[in-house]
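Heads up: the structure comes next, in structure tokens.
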Amino acid sequence: MIGRKLEMQVNDCLFSDTMTGSEYNELRIAVGWRPITNKQADRGIEHTTFIVAVRDKDKIVGMGRALFDFGYTAYIGDVIVKPDYQGKGIGKSIVETLIYKVKESSDPDDRIMFILGAAKGKEGFYEKLGFIKRPNENSGCGMFMWIKNN
């Protein structure tokens, strides 16, 4: 993780910049997403620009990550908070921390586009944080594709 070491506390939960692939999969499963292999998760975490991991004592309860090109594009991905911890400001703090980390790594006058793909039903959460829903008058809808490498 680039910049200062992240350690802060919100609602008795500790925020840090480290997590494991097995913790990532634990969170995926908790919100109904399919797990990936721990090896693949470890590689993804290792190559992520900024990670925010949230723990209640030693138990992982949330995370988010940002991929940043250090130019003008940052992708926020995998913002996950376990259902029992949702609605407590943890997700908002994760996103705000990721945005702060990207801004901290940029020049003062840089204009940066943050991109994300919201899980179905979570669009309102991101709109409250200033994100704009697509499609709209100026932008088409977001798109994605899964591939299996075999």
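The values are calculated or read from the model by the stated rules, or taken from the named source; none is laboratory data. None of these values were measured; they are calculated from a predicted model. So basically every Cβ, Gly included, is an ideal-geometry build from the backbone, and we count neighbours across all protein chains shown.
Condition check: closer than 22 Å to residue 127 by Cβ, under 11 Å from the mean Cα position of the chain (by Cα) and modelled with pLDDT of 95 or more. Does residue 66 satisfy that?
On the way: closer than 22 Å to residue 127 by Cβ: yes; under 11 Å from the mean Cα position of the chain (by Cα): yes; modelled with pLDDT of 95 or more: yes.
Judged against the criteria, residue 66 is a match.
Given the criteria over 16 Å from the mean Cα position of the chain (by Cα) and not charged (D, E, K, R), does residue 45 qualify? In short, no.
Within the stretch 52-78, the set of residues being surrounded by 19 or more Cβ atoms within 10 Å (Cβ to Cβ) and more than 30 Å from residue 110 (Cα to Cα) comprises 60, 61. All told, residue 49 falls short of being polar (S, T, N, Q) and surrounded by fewer than 16 Cβ atoms within 10 Å (Cβ to Cβ). On the stretch given as the stretch 59-74, residues that are part of a loop (DSSP other than H, G, I, E, B) and either of a type in the set (Gly, Ala, Ser) or in contact with a Cys (Cβ under 9 Å, 6 or more places away or on another chain) (or both) total 1. Here residue 108 fulfils each of the conditions (1) farther than 19 Å from residue 146 by Cα; (2) in contact with a Phe, Trp or Tyr (Cβ under 6 Å, 6 or more places away or on another chain) apart from (2).
Conditions (1) on the phi < 0 side of the Ramachandran plot; (2) out of contact with any helix residue (DSSP H, G or I) (no Cβ under 6 Å at 6 or more places or on another chain); (3) not hydroxyl-bearing (Ser, Thr, Tyr), marked per residue:
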position	(1), (2), (3)
19	yes, yes, yes
42	yes, no, yes
53	yes, yes, yes
57	no, yes, yes
73	yes, yes, no
80	yes, no, yes
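Tallying residues that are surrounded by fewer than 16 Cβ atoms within 10 Å (Cβ to Cβ), of a type in the set (A, V, I, L, M) and part of a loop (DSSP other than H, G, I, E, B) within the stretch 83-136 yields 3.
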